[in-house]
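Quick notes on the structure that follows.
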Amino acid sequence: MKQRVITAVVALIIFIPIILLGGPFIEIAALVLAGVAMSEVLIMKKILLVSPEAILSILGTLFLVAPKTWLHSLPSQINTPAIFMVFAIALMIRTVFSKNRLNFDDAGILTLTMLYIGVGFNLFVQARTIGLGMILYLLLTVWCTDSGAYLIGRKLGKRKLAPQISPNKTWEGSIGGTVVAVIVGVIFSLLGAINHGVVATVLFSFVLSIAGQMGDLIESALKRFYGVKDSGKILPGHGGILDRFDSLLLVLPMAYLFGLL
């Protein structure tokens, strides 16, 4: 427990100034976090980080995260989707010359993971570009959902939500976490931190809270499939980068589909 607290305090000391400063600070942070997250999946799959497929996957993820402004000097046809397509094709070609070390299923998993991590962290940067209020709203939606679900689940939880994937989660905790997230979202709206009416904020917070919980369960399913407890060890007591950002990586695309980003 002491280790978890120390890690959380150190992480916040580093993370909060980056969020406040935004700009190139958050862009670089997103690139680093995405690269580490992709590396965690590669390690779970027991793929060497120096292998061609690992290098292609990490570079493809980083190009998805990179802001569009970084590509302005390139010809118009060389855009983010085109570059991603090149990396996906390169992974497929790699299956031909890998002597069966990389098969088509592996290439598909790595391509999907590049999208999952790369798009998520790209939208993380976009959220901060829109404004400090927006990124704080999304972060608090995730944090309040997690905290509310944990506290209410401990007190009232009886019915298991997904016992085969995450045995400690309950329906009572899930509902409680969503209620807390909606309340915090309404407070944000009333304070003017986000430019949406109360009714719209209730809807957004409700769906985003559920999306965050699904993101958590998706990563739990991923870890259970590969037989690991944590995605990594970079954060002592907390696991890896994916363990900390799993909810946000699904909340951000949902926020984009809502037109918030």
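Readers should treat all values here as calculations from the given coordinates under stated rules, not as data from a laboratory. A quick note: this is a predicted structure, and the numbers were derived from the prediction, not measured. Virtual Cβ from ideal backbone geometry, glycine too; neighbours counted across all protein chains shown.
Overview of results
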quantity: Rg(Cα)/(2.2 N^0.38 Å) for the chain, N = residue count; calculated: 1.04
quantity: Fraction in percent of alpha-carbon pairs per bin - 5 Å, region 192-242; calculated: 5, 17, 17, 16, 12, 10, 11, 9, 3
quantity: Normalised contact order of region 214-253, rounded percent, pairs of Cα under 8 Å and 6 or more residues apart; calculated: 44
quantity: Positive-end residue of 30, 136, 78, charge dipole of region 23-152 with Cβ unit charges; calculated: 78
quantity: Count of lysine pairs in region 90-237 with Cα separation under 14 Å (8 or more residues apart, or interchain); calculated: 4
quantity: Helical segments meeting 18 Å axial Cα length and Kyte-Doolittle 0.0 threshold in the chain (DSSP H); calculated: 2-21, 23-44, 52-65, 80-97, 104-130, 132-156, 171-190, 198-226
quantity: Compactness of region 1-80 as Cα Rg over 2.2 N^0.38 Å, two decimals; calculated: 1.38
quantity: Dipole magnitude of the chain, debye to nearest 20 (Cβ charges: Lys/Arg +1, Asp/Glu -1, about Cα centre); calculated: 680
quantity: Cα-projected label distance for residue 93 with residue 143, points at 7 Å along beta-carbon direction, nm; calculated: 4.5
quantity: Average Cα contact separation per residue, the chain, under 8 Å, 6 or more apart, as relative contact order %; calculated: 20
quantity: Nonlocal amide H pairs with residue 161, under 5 Å, H built at 1.01 Å; calculated: 169, 170, 171
